[in-house]
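Some notes on the structure that comes next.
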Amino acid sequence: MILLISTCRYNFHEYEFVKPISRVVEKCNVSYDIMRYNEEIRLNKYSRVIICGTALKDFDYLNYVDNFKWIVDYKGGVLGISSGYQILAKIYGNQLEEIEKIGLYKIRVLRKNILAEKQEFYAYFLHKYALRNVNRKLIPLAKQNDEICMFKVRNKKLYGVSFHPEVLNEEIIIKFLRNI
Amino acid sequence: MKVCILYSGGKDSNLALLKAYNIFRVVCLVSIFPRSVENSLFHYPNINLVRFQSEALGIPLLTEDSLDDEESNLEALYRVLGRAKEKYQIEGVVTGAIRSTYQASRFQRVCWDLDLWCFNPLWLTDQISLLKEALNSNFEVIFTRIAGYPLKKDLVGKKLDYTIIEYFKKISNILNPAGEGGEYETLVLDMPLFRKKLEILNYEVVGDDYDATLIVKDVRLVSK
């Protein structure tokens, strides 16, 4: 069972940022629940968690980063998408920088990893903040220009992507569901 | 929240409107009138009919003209949304974008620059499902343009029905069934929020198989 966490301040944005992910999960015949970022998150029955993205103008989830401290002790896999990437980065003590990115950009994979096999691919970005540098707790996996757009938490099954894989890179979500 | 709908009069912007209507206060429609079918960002055939749809909905309409180049499209979008913000104090924009990252990223950029929330409630929705949703929601939709193999001229002017959806399913490997890439364009004559419906009194179909357009010459609003 998978938990999808919405980081959308407005439920109406879930059509755009959560539903597309839930459709991929359904295609993989995996059952799921959806919770919101500002609820108390109970993980007992979930083997993996996807923290979905939200709108460009939405930063409310940054007021609730402490609500995600369970991640540090969680043994399952986590995929943080855009705002989820930012939450993971902050939980592990990294500093987000103002990097505004809207649209399609080419990504260069730095390290072969279980989610992205190609050396280069295009992805759809929609964010205001991301990482240029990471501390030793995170391993950079891919870059878009000077932005670290994909990382893994060292010795954990926790991944962050600053782009939206549901748009052009569904296989990343499918690999997370099947292999992590 | 007060929002406007980026409205072309086709099935996608009407589905987006229907979804937004019970959540937000829809204070106006905004439409861009492009110069020709070559426009890659905005819907062209019979765009002038949005005036009738606006009246049928009882929602005011703001319009801007645009040439077909990207710069002109974006300038028109900035202008019309700026006017909507000033006149109706909108805080957000609802669009019918489905899959085109070209469209979506431009709408996102303009909204961001104008400090407006951008909502795309149809985003990445399975395209056959959207056609079914339009029918299940009692939309009356006709095809106003086809542009691509294997769509034939006789589809133009026809009403969307389940037979056509089945046909689109069959040809989905060669055609985007939601028509977002301009393979076909639609006009909504009626939907649940319309207080009156559009009745086409006179029209002409120009073009041939794989590239034909319906030109509406006379239309009126009639009681439902």
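The values are calculated or read from the model by the stated rules, or taken from the named source; none is laboratory data. None of these values were measured; they are calculated from a predicted model. For neighbour counting, all protein chains shown are included, and Cβ atoms are generated from backbone atoms with ideal geometry for every residue, glycine included.
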Could you look through the stretch B:35-65, keep only residues that are at pLDDT below 90, under 26 Å from residue B:2 (Cα atoms) and in a loop (DSSP other than H, G, I, E, B), and pick out the one that is farthest from the chain's Cα centre (by Cα)? B:41
The stretch A:108-163, subset away from every other protein chain (no Cβ under 14 Å) and in contact with a Ser or Thr (Cβ under 7 Å, 6 or more places away or on another chain), residue farthest from residue A:85 (Cα to Cα): A:147
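Is it the case that residue B:90 is under 23 Å from residue B:140 (Cα atoms) and either more than 14 Å from every other protein chain (Cβ to nearest Cβ) or surrounded by 16 or more Cβ atoms within 10 Å (Cβ to Cβ) (or both)?
no
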Output for Cβ contacts, cut-off 7 Å, separation at least six or different chains, first residue without any contact (Cβ under 8 Å) to a residue 40 or more places away in the chain in the stretch A:35-49, second surrounded by fewer than 17 Cβ atoms within 10 Å (Cβ to Cβ) and part of a strand (DSSP E or B), reads A:41/A:35
With the checklist (1) closer than 30 Å to residue B:100 by Cβ; (2) among the aliphatic types (A, V, I, L, M); (3) within 16 Å of the chain's Cα centre (by Cα) in hand, flag the one item residue A:114 doesn't pass. (1)
Within the stretch A:1-16, tally of residues that are buried (at least 18 other Cβ atoms within 10 Å of the Cβ) and without any contact (Cβ under 8 Å) to a residue 40 or more places away in the chain: 4
Anything in the stretch A:21-74 that is of a type in the set (S, T, N, Q) and either closer than 20 Å to residue A:177 by Cβ or within 14 Å of another protein chain (Cβ to nearest Cβ) (or both)? List them, or say none. A:22, A:29, A:31, A:44, A:47, A:54
The stretch A:152-168 - residue that is under 13 Å from the mean Cα position of the chain (by Cα) and not in a strand (DSSP E or B) and, of those, surrounded by the most Cβ atoms within 10 Å (Cβ to Cβ): A:162
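Matching residues to (1) surrounded by 14 or more Cβ atoms within 10 Å (Cβ to Cβ); (2) polar (S, T, N, Q):
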| site | (1), (2) |
| --- | --- |
| B:125 | yes, yes |
| B:163 | no, yes |
| B:191 | yes, no |
| B:203 | yes, no |
(1) under 26 Å from residue B:99 (Cβ atoms); (2) modelled with pLDDT of 95 or more all hold for residue B:174 apart from (2)
Starting from residues that are buried (at least 20 other Cβ atoms within 10 Å of the Cβ) and free of Cβ contacts under 8 Å to residues at least 40 places away in the same chain, keep the ones in the stretch A:127-151 and report whichever is nearest to residue A:75 (Cα to Cα). A:141
Matching residues in the stretch B:16-31 - criterion: being of a type outside the set (Gly, Ala, Ser), surrounded by 24 or more Cβ atoms within 10 Å (Cβ to Cβ) and either at pLDDT below 95 or not in a strand (DSSP E or B) (or both): B:17
Tally of residues being part of a helix (DSSP H, G or I) and farther than 24 Å from residue A:47 by Cβ across the stretch A:1-15: 4
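Working carefully through the options B:135, B:151, B:116, find the one that is more than 24 Å from residue B:73 (Cβ to Cβ) and either surrounded by fewer than 21 Cβ atoms within 10 Å (Cβ to Cβ) or modelled with pLDDT of 95 or more (or both).
On the way: B:151 fails: either surrounded by fewer than 21 Cβ atoms within 10 Å (Cβ to Cβ) or modelled with pLDDT of 95 or more (or both); B:116 fails: more than 24 Å from residue B:73 (Cβ to Cβ).
Exactly one residue qualifies, and that residue is B:135.
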Can you confirm whether residue A:120 is buried (at least 16 other Cβ atoms within 10 Å of the Cβ), at pLDDT 95 or above and among the acidic types (Asp, Glu)? no
Can you tell me which residue within the stretch B:113-127, out of those that are within 22 Å of residue B:88 (Cα to Cα) and of a type in the set (D, E, K, R), is nearest to the other protein chains (Cβ to nearest Cβ)? B:115
